[in-house]
Amino acid sequence: MIHLKIILPDGEVHEKDASAGIRPSDLIRQYDGKYPILACRVNQKNKRLDKPLTKDCTIHLLDMRDNYANMSFQSSLTLLYLEAVRRVLGPRAKVTIANSLSKGLFTTINTNVTDELVQKIEDTMHEIVREDLPFAERHLSRDELIVHMKELHRSETVRLLESAPSLDEARLVKFGGVEDVAYIHQLPSARYLCCFELVHYRYAIILRFPPQSHPDGIVPFAEQKLLYDAFSEETEWEKLLNISYAADLNEAMVKERRETIMLSEALHEKKIAMIAQRIANEKKRIILIAGPSSSGKTSFAKRLCIQLRVCGLRPLYLGTDDYFIDRKDLIPDEKGNIDFETIKALDIDLFTSQMNDLLAGKEVDLPAFDFISGEKKYGSRITKIDASMPIVIEGIHGLNPMLTEGIPEKEKFRIYISPLTSLNIDAHHRIPTTDARMLRRLVRDYRTRNRSAAQTIHDWPSVRRGEDKWIFPYCDDADAFFNSSAIYELSVLKKYAEPLLHSISKGQEEYSEARRMLDFLKFFRTIDDVHEIAINSILREFIGGSILVE
């Protein structure tokens, strides 16, 4: 017999004795929750639900709200999609999982996509779910995987494995007639994949499923044209750089690292210059910049100010943080906590009054918020502007209409910024934007705030919830989008992030997420020498050495 401490998704704890060899999938039938259980953590290690338990342990049962369970669902759903395409179009069909879009995955197939084809693939997926086809996986060494993939004539996978020297082993996953390399566990079988839909969108197919933030079901389809255009632009950038997958990047970091870094930074500068020229041409005077955590908003805003000066303007730079309501006047919630992420924490009346006064040519005493005392200070920034001085305003609520509803619409220009890489590990494994942002934040938090990797990982779900509530709903209202991702940045961030992630011990609750990130980073080479990265690069905001951010 073994003793189990079982923690349900909502935190409820049960303890029981069970026979050695019992599987978590046997346990979940006893604990019906609001959402289906998809994965588990055993003593802080991510495990499949069909992995036998052989000794006393603490087991967390995970549903779609957990990041790892959600990613396991996506990975397994991708294999289900690949198998359905194989059955419908044959083994020569080439599928690419490009990026996230409209609460799903934007995918392409090397054939003419029609409504009839999309419906046939979706019907086949449901047939496979009814078959309850199992997901088989096993760990193989890098050399064993290379031999196996050569036997399957998978030259691109062989390139990936050979280009990543720190990838000592990985999972080989088999589902029906599909075999693939994965860095995350799959679900036990197809019956766990009961909620999905396919949408024919332009020349492609969007594979949609319940998002982590709304796991009740698939949300109504909404086109995200701004993000579609941004990913399309990023794809064009990657064509210029000849880098689409991790293998391409790894090889470029060996053969032409300096050129890759310079070209990537030049593309950023060109895009910033284009946005600045558009602002000047349209004579906009209130420039609002917003984006999720670790997007590089501060560096972008200051580089935009430089380009506006090139256009003959003299911008005034402001941050919305200076308009926080004094801490003593903030009203705590029923638990006594103060939400600093809400737009209600900003003094919108003061902000509106001062922006309109500046636009009218009046002299204004701008506040500077003192985060130690929790109060706004006055007297140090008495300012007056003229028509040649647009106001560049950076903050997470920049695109929220509540912030600027009292300012004339004709004066506003909205910019959304986020690092949306469409660089993939390979054709079937995308790189989540949230992972790139979390690595940025982890490195910066340790360097500038002396916060451990465990603290950053612990806080990340709360950060994500704030973004879902206060930032993402307004991104499609932007007049321009800036993709702050540098094609080479994962190879740089790996140098700083790996030792921080390794510092998280097995006993810490953040250990499982740290291991997932370490497994992910193994697919990339490391850039140890960062002197070639420009001192005004957005990436410098996170790794240090920036002339734009202290």
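The values are calculated or read from the model by the stated rules, or taken from the named source; none is laboratory data. Quick caveat, the model's predicted, so the values are computed rather than measured. Neighbour counts are summed over all protein chains in view; Cβ atoms, including those assigned to glycine, are modelled from backbone coordinates with ideal geometry. Note: areas computed on protein heavy atoms with side chains; ligands, DNA, RNA excluded. Shrake-Rupley method; radii C 1.70, N 1.55, O 1.52, S 1.80 Å.
Details
- Given (1) within 25 Å of Glu394 (Cβ to Cβ); (2) not in a helix (DSSP H, G or I), number of the condition Ile527 does not satisfy: (1)
- Ala247 fulfils the conditions (1) open to solvent by less than 40 Å² (accessible area, probe 1.4 Å); (2) touching a strand residue (DSSP E or B) at 6+ places or on another chain (Cβ under 6 Å) except for a single criterion, (2).
- Residue ID - farthest from Asn46 (Cα to Cα), chosen from residues in the range 184-212 that are open to solvent by 20 Å² or more (accessible area, probe 1.4 Å), assigned to a loop (DSSP other than H, G, I, E, B) and in contact (Cβ under 8 Å) with a residue 40 or more places away in the chain: Tyr203
- Matching residues in the range 126-142 - criterion: being part of a helix (DSSP H, G or I), modelled with pLDDT of 95 or more and open to solvent by 50 Å² or more (accessible area, probe 1.4 Å): His126, Glu127, Arg130, Glu131
- Counted residues, the range 10-59 - those being open to solvent by less than 30 Å² (accessible area, probe 1.4 Å), assigned to a strand (DSSP E or B) and of a type in the set (Val, Ile, Thr): 2
- Checking the stated criteria, Ile382 turns out to be over 30 Å from Ala98 (Cβ atoms), surrounded by fewer than 17 Cβ atoms within 10 Å (Cβ to Cβ) and among the aliphatic types (A, V, I, L, M).
- Looking across Phe523, Phe482, one residue alone is crowded, with 22+ Cβ neighbours inside 10 Å, touching a residue at least 24 places away in the same chain (Cβ under 8 Å) and touching a Lys or Arg at 6+ places or on another chain (Cβ under 7 Å). It is Phe482.
- Hits in the range 94-125 (condition: part of a loop (DSSP other than H, G, I, E, B), hydrophobic (A, V, I, L, M, F, W, C) and at pLDDT 95 or above): Val113
- Selected residue [assigned to a helix (DSSP H, G or I), modelled with pLDDT under 95, within 29 Å of Phe209 (Cα to Cα) and polar (S, T, N, Q)] from Ser232, Ser293, Ser264: Ser232
- The set of residues from the range 391-413 being of a type outside the set (A, V, I, L, M), in a loop (DSSP other than H, G, I, E, B) and within 20 Å of Ala276 (Cα to Cα) comprises Gly395, Gly398.
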